[in-house]
Amino acid sequence: MKKPVKVAITGAAGQIAYSLIFRIASGSMLGPDQPVILQLLEVPVPEVLEKLKGTVMEIDDCAFPLVHGVEIHSDPMAGFEGTDYALLVGARPRGPGMERKDLLTANGGIFGPQGKALAAKANKDVRVLVVGNPANTNALIAATAAARGGLDPKQFHAMVRLDHNRAVSQLATKTGAHNTEIEKMIVWGNHSSTQYPDLSHCTVRGKPAKSLVDQAWIEKEFIPTVQQRGAAIIKARGLSSAASAASAAVDHMRDWVLGTNGKWVSMGVPSDGSYGIKPGVVYGYPCICKNGQYEIVQGLSIDAFSRARMDATDTELREERAAIEDLLKA
Ligand code: NAI
């Protein structure tokens, strides 16, 4: 049996975590032979911590073979001690009348200190996935704070995998294929309504997706459906997506750690100039993972339709960055 690794989850009393924790504990994320110690972080509010205790009672009641410890924390400096993998799910939701800048700033107050605490306390090879929205800019804030403490910004990702999985599912349904027969899907940019799900390089059973669907469907149905899927789920369920978000987080971290076997997955990673996206934002790119490292897929042709959409989502990310620029220097 391998040595247990420490997995930290923030927002542990929230609805995504209620799915996520149990998937991690059962081995879906790191494999059926990898024991875990769960570090569950929440806000220091008695009712919230009490609720989390209920979740811990349920974890106990599962008698998971892979769980070698469960900790409850409300201080990131204690909660990230020796962390190998961190899933930053807890975030400040938009309150009534809250402007975008206020939301970004409030989240900066969460993700800056968490980045700092990860650099101070976590394993130096820690891998961090930011799920809490606005995920890309929160990841940028955490990575920037952690870089001052010696971590590499490439250790911080933002989750666009839910958008990627939604895009795969929409195309599979349209073409009558199974999800596993769809390859080379890409979601570029921000996890927001400006994201660009791109079928230009995508294949269905090895055939170009664009030879199977027409441009009108791509523009009028596919792209808007994927972009607006979160809102559609809120309308139907009365709550935002939770189990699917947790499943996407499991997919992202599993692929990063265990590899993608040459397959492409969309990941929000620090922009490095690839495809004309200048450094300075965390941007959704097609990636391949191997030996615990990711690489952005290079050399893809970008047509004018894609270019315009990739630039629009980049512009939104630069605006988000501008709103919290002072926090990046703090
Ligand atoms: P939720 O409101 O059910 O739970 C969030 C939890 O985070 C709450 O229990 C809250 O107390 C906790 N929290 C807040 N600040 C914290 C801090 N500083 N430290 C630790 N815990 C903290 O929300 P839910 O549904 O679980 O969603 C969580 C986040 O994930 C939201 O920001 C949501 O917008 C985002 N999300 C992201 C998706 C993506 O694809 N990137 C998809 C779906 C949701």
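Figures for the structure shown
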| read-out | value |
| --- | --- |
| Which numbered condition A167 misses (of (1) open to solvent by 20 Å² or more (accessible area, probe 1.4 Å); (2) assigned to a helix (DSSP H, G or I)) | (1) |
| Subset of region 133-150 that is in contact with a Gly (Cβ under 6 Å, 6 or more places away or on another chain) and more than 12 Å from the ligand (Cβ to nearest atom) - its residue that is nearest to G284 (Cα to Cα) | I141 |
| Selection count, region 94-110, where residues are within 11 Å of the ligand (Cβ to nearest atom) and assigned to a helix (DSSP H, G or I) | 5 |
| When residues of region 1-21 are limited to those that are within 11 Å of the ligand (Cβ to nearest atom) and in contact with an Asp or Glu (Cβ under 8 Å, 6 or more places away or on another chain), the one nearest to F80 (Cα to Cα) | T10 |
| Residue that is nearest to the ligand (Cβ to nearest atom), among those in region 227-263 that are of a type in the set (K, R) and touching a helix residue (DSSP H, G or I) at 6+ places or on another chain (Cβ under 9 Å) | R229 |
| Filter result (outside any loop (DSSP other than H, G, I, E, B) and surrounded by fewer than 20 Cβ atoms within 10 Å (Cβ to Cβ)) within region 120-152 | A120, K121, A147, R148 |
| Residue satisfying all of: in region 84-93; part of a loop (DSSP other than H, G, I, E, B) and not hydrophobic (A, V, I, L, M, F, W, C); nearest to the ligand (Cβ to nearest atom) among these | G90 |
| Exclusive hit being open to solvent by 20 Å² or more (accessible area, probe 1.4 Å), in contact with a strand residue (DSSP E or B) (Cβ under 6 Å, 6 or more places away or on another chain) and more than 14 Å from the ligand (Cβ to nearest atom), set K184, K174 | K184 |
| Cross-chain or 6+ apart pairs with Cβ under 8 Å, region 8-20 first and closer than 13 Å to L129 by Cα, then of a type in the set (S, T, N, Q) and more than 8 Å from the ligand (Cβ to nearest atom) | A8/Q39; A8/T83; I9/Q39 |
| I24 vs. criteria open to solvent by 10 Å² or more (accessible area, probe 1.4 Å), under 26 Å from S241 (Cβ atoms) and within 16 Å of the ligand (Cβ to nearest atom) | no |
| Region 41-78, subset more than 29 Å from A119 (Cβ to Cβ) and near the ligand (Cβ under 10 Å from one of its atoms), residue nearest to the chain's Cα centre (by Cα) | K51 |
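The values are calculated or read from the model by the stated rules, or taken from the named source; none is laboratory data. For clarity, every value in this text was computed on a predicted model and none was experimentally measured. Positions of Cβ are backbone-derived with ideal geometry, glycine not excepted, and every protein chain shown enters the neighbour counts. Remember, those area values only see protein heavy atoms, side chains included, never the ligands or the DNA or RNA. Shrake-Rupley method; radii C 1.70, N 1.55, O 1.52, S 1.80 Å.
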